[in-house]
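What follows is a short report on a single structure.
The values are calculated or read from the model by the stated rules, or taken from the named source; none is laboratory data. Everything numeric in this text was worked out from a predicted model, so none of it was measured. Glycine gets a Cβ as well: all are built from the backbone with ideal geometry, and neighbour counts include every protein chain shown. Surface accessibility is based on the protein's heavy atoms, side chains included, excluding ligands, DNA and RNA. Shrake-Rupley method; radii C 1.70, N 1.55, O 1.52, S 1.80 Å.
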Amino acid sequence: MPGSIPPSRPDRPLRIGLTGGIGAGKSTVAALWRERGLRVIDLDAHSRAVLDVPGDGVEEAIVRFGEGVRNPAGTIDRAAMARIVFADAAARADLEQIVLSRVDRAVAEEEAEAAASGERVIIHDSPLLLEKHGESGYDAVVAVLARREDRIERVVRDRGRDRGYVESVMAAQATDLERIRRADRLVLNTADRPALLARSGRALDAVLEEHDLRT
Ligand SMILES: CC(C)(COP(=O)(O)OP(=O)(O)OC[C@H]1O[C@@H](n2cnc3c(N)ncnc32)[C@H](O)[C@@H]1O)[C@@H](O)C(=O)NCCC(=O)NCCS
Ligand SMILES: Nc1ncnc2c1ncn2[C@@H]1O[C@H](COP(=O)(O)OP(=O)(O)OP(=O)(O)O)[C@@H](O)[C@H]1O
């Protein structure tokens, strides 16, 4: 089933979910935690690999969405696809059906490899953790929150996308109230990068301490 993450068990490494809406700072926190030596699995990277590399995922998407979403390299034109799926929930569900089952398989493989190599803590950097996977598969969920206007401004500035694109993605994601309600810890990315480093470090320490682990 797309979007299913196996339950966390005592014989597995501690599984921490890191989530947040578009432009909130989740990937920045993931990079900081990786620098601390933790294994981070990037679900967005696995998702991109499905549509950016020629293969059966690309072909299935073309069958559903038509040749208009194929780019000259033979893979998927992400901007064209974004215009379709962030304006139409049924189309988005169809794309998720194609992409997320493959993402889940790749994540399970990466996690099994990490566990076999002795990792005691594994982070899932997962934008749709609350929307698709649910918090039950995690020992702890950490959500990164930032001001809506900062998020829009940063994505427009750093990724060359327009405000309409960012707002259409936001409308497809959980609200911050929902994140606050469901996450175990919050990281407020409401100041500069050094503050984000300190706050995300404290959140991680707290989760590890709660589970009797140190890095
Ligand atoms: C529609 C696509 C091609 C647009 O690509 P684009 O380069 O514009 O966006 P990118 O993938 O970098 O994501 C941008 C933002 O949108 C968010 N996002 C992506 N897919 C979704 C979705 N189905 N619902 C809500 N938000 C989404 C991401 O988390 C991120 O915050 C791409 O997002 C995609 O393939 N989405 C479907 C797969 C998916 O759900 N991936 C995310 C979870 S693993
Ligand atoms: N505190 C901050 N001050 C200034 N810029 C920041 C700060 N935090 C993050 N950024 C920048 O904002 C942009 C969005 O951050 P990031 O890529 O970490 O978000 P994200 O939550 O992973 O978003 P997405 O889900 O869309 O991938 C990046 O260009 C990042 O460098």
For this session: Could you grab me the full set of residues in segment 159-206 that are basic (Lys, Arg), within 16 Å of ligand 1 (Cβ to nearest atom) and not in a helix (DSSP H, G or I)?
Result: ARG161
For this session: Answer yes if at least one residue in segment 18-41 is free of Cβ contacts under 8 Å to residues at least 24 places away in the same chain, within 13 Å of ligand 1 (Cβ to nearest atom), over 10 Å from ASP125 (Cα atoms) and not in a loop (DSSP other than H, G, I, E, B), and no otherwise.
Result: no
For this session: Just need a number here: residues in segment 84-95 that are open to solvent by 20 Å² or more (accessible area, probe 1.4 Å) and in contact (Cβ under 8 Å) with a residue 12 or more places away in the chain.
Result: 7
Problem set entry | Any pair with Cβ under 6 angstrom, 6 or more apart, that starts in segment 104-128 at a residue that is assigned to a loop (DSSP other than H, G, I, E, B) and ends at one that is among the β-branched types (Val, Ile, Thr) | SER126/THR19
Exercise. Filtering segment 1-16 down to residues that are under 14 Å from ALA108 (Cα atoms) and open to solvent by less than 40 Å² (accessible area, probe 1.4 Å), which residue is modelled with the lowest pLDDT?
Worked result: GLY3
For this session: With the condition kept exactly as written, say whether any residue in segment 62-81 is within 21 Å of HIS133 (Cα to Cα) and either modelled with pLDDT of 95 or more or acidic (Asp, Glu) (or both).
Result: no
Problem set entry | Search result, residues across segment 51-70 that are small (Gly, Ala, Ser) and surrounded by fewer than 13 Cβ atoms within 10 Å (Cβ to Cβ) | GLY66, GLY68
Problem set entry | Complete set of residues in segment 115-127 that are buried (at least 19 other Cβ atoms within 10 Å of the Cβ) and among the aliphatic types (A, V, I, L, M) | VAL121, ILE122, ILE123
For this session: Just one of (1) touching a helix residue (DSSP H, G or I) at 6+ places or on another chain (Cβ under 9 Å); (2) crowded, with 16+ Cβ neighbours inside 10 Å trips up VAL207, so point out which.
Result: (1)
